[in-house]
Amino acid sequence: MTERPYHHGNLRTALLAQAERTVRERGAQALSLRELARDTGVSHGAPRRHFPDRQALLDALAEAGFARLGAELRRAVEDAGEAFEPRLQATAAAYVRFATHDAALLELMFAGKHREEAGALHESAERAFAVLLELIGQGQAEGALEPGDPERVGLVLFATIQGIATLATGGMVQAGQVDGLVADALAHFLRGSRAAA
């Protein structure tokens, strides 16, 4: 089998895109710099120009994942208009879509974020989830959510939607049930989080 020729204007981007496909199809354990070079159609040493070792590749992949997640959440908020509840629905649905479509990548993202030397990765995660915190702030300002620490309220929301994603990727919830389950969970979340009148 001949490797297809590549003309890389940006080899790093091409390597990360291929690495993401590998993780999606075969899991992070299948990722190696040598196989990545082969799959991308470059010499086996080429990836080392951008990633000195496998951990550097995994960290870069996780950072790119958080950047994409943040962009998808931001787009969901912006496309939903100005009202809080439609924004919350759209953002939760966008997160669950990402988490179910890229479950192995998300696992890699969260695992990397908790390593001691993962400062840049931690910052990428904070930028991605800033969208949810802003949304919680909007809900609190409008009286749709109880006042208090937005991070704590956001953690409850995140646990709810991450739980749904985990059930879906684990096969305990069918794909066709996910949207309804997200809507039901958010309705319960909002009822339990409303500011006292």
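The values are calculated or read from the model by the stated rules, or taken from the named source; none is laboratory data. None of these values were measured; they are calculated from a predicted model. Remember, those area values only see protein heavy atoms, side chains included, never the ligands or the DNA or RNA. Shrake-Rupley method; radii C 1.70, N 1.55, O 1.52, S 1.80 Å.
Taking the longest Cα principal axis of the chain as reference, the axis of helix 54-79 is set at about 40 degrees.
When the chain is treated as a GNM, springs tying every alpha-carbon pair under 10 Å, which of T13, T160, T169 comes out with the largest mean-square fluctuation? Among T13, T160, T169, the largest GNM mean-square fluctuation belongs to T13. Note on the chain: with neighbouring protein chains present and a 1.4 Å probe, carbon and sulfur make up 53 percent of its accessible heavy-atom surface.
Average accessible surface for the stretch 49-180: 50 Å² per residue, computed with a 1.4 Å probe over protein heavy atoms with every protein chain in place.
Fraction of C-alpha pairs exceeding 17 angstrom in the stretch 151-197: 36 percent, rounded to a whole number. Relative to the longest principal axis of the Cα atoms of the chain, the long axis of helix 84-101 lies at roughly 30 degrees.
Residues in the stretch 144-157 carry Karplus couplings, in order, of 7, 10, 5, x, x, 5, x, 5, 5, 4, x, 5, 5, 4 Hz; the curve used is 6.51 cos²θ - 1.76 cosθ + 1.60 with θ = phi - 60°, and Gly or Pro positions show x.
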